[in-house]
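The values are calculated or read from the model by the stated rules, or taken from the named source; none is laboratory data. Keep in mind that what you see is a predicted model, and the values were worked out from it rather than measured. When we count neighbours, we look across all protein chains shown, and the Cβ atoms used for this are built from the backbone with ideal geometry, even at glycine. The area values use the complete protein model at the heavy-atom level, side chains included, leaving out ligands, DNA and RNA. Shrake-Rupley method; radii C 1.70, N 1.55, O 1.52, S 1.80 Å.
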Amino acid sequence: MRPTTASATGSAGRRGAPPHRLAHVTGLLLAALVLLLGPGAVPAAPHSGAAPAAAHDGAHRTPAAHDGAHRTAAAVTGTWDLTVTIDLGHDTVTTVTRFYFHPNRTLTTDSTHDSGDPAFAGSGYWTADRGRRFSFFVTHPDAPADPGAGDPGVPTGTVNAVHQGKLKGRSAFTTTASAFVLNDLDGGVLGPIPVSTKAVKVSDSPS
């Protein structure tokens, strides 16, 4: 989600963060993952194969709730183009990124897009619920440490975000999220950064 438009560069992502602040941010992300995937299901890395998150779709639910989650999962699986809006407070940045939601509840994002918009790669996990609701966690390494800089020479960082989404029919969805950026150079933390997306389905196949 490298920004397509430049805005004023903030300094929050460039300052070193005290250990207690990093621990607090890490705790928030882990707590969000536990809520997303279920207790004991926080994964080490999104490699291929059955993802722990899949086991929690419909777990301890009534048959009707399980069926609803299954229908949601079937609709989410596939290739999507997400228009991502990042709210920096003083400005907003919008970019388009292609997401692949795999049947094993992993997801990947492309570093390129058909439109030519710059983006960056990422990976994560997703889970489905009834009521056409779903959630996903995504991490983007080697992203701009300051999302508003618009300068490819700025220090890189790792972006982590948990999105809460709602399907709109079978070919569209929206999400909202809070993102945190860890500056790879000085360990500074920028966030939470409000993020929203509007997505259009490209294919039922995640490839």
- Rounded to one decimal in nm, the spacing of the 7 Å Cα→Cβ label points at residue 185 and residue 133 is 4.1 nm
- Item | Mean Cβ count within 10 Å, highest first, over the residues of peptides 158-170, 125-137 | 125-137, 158-170
- Message: Using 0.36 nm times the number of residues separating residue 205 and residue 142, minus their current alpha carbon distance, what extension gain do you get?
- Response: 20.0 nm
- Message: With every protein chain left in place and a probe of 1.4 Å, what is the accessible surface of residue 176, to the nearest 10 Å²?
- Response: 90 Å²
- Theoretical gain in end-to-end length, residue 198 to residue 158 [0.36 nm per residue, Cα-Cα removed]: 12.2 nm
- Query: By average Cβ neighbour count within 10 Å, what is the ranking of 98-107, 70-79 from highest down?
  - Reply: 98-107, 70-79
- If the label point is 7 Å along Cα→Cβ of residue 121, which residues in region 184-205 have backbone nitrogen under 17 Å from it? none
- Query: In sequence order, what are the phi-derived ³J(HN,Hα) couplings for region 77-94 according to the Karplus relation 6.51 cos²θ - 1.76 cosθ + 1.60 with θ = phi - 60°, rounded to whole Hz, with x for glycine and proline?
  - Reply: 4, x, 9, 9, 9, 9, 8, 9, 10, 10, 9, 9, x, 7, 6, 10, 10, 10
- Expected unfolding gain across residue 166-residue 83 under the 0.36 nm per residue rule, minus the alpha-carbon gap, is 28.4 nm
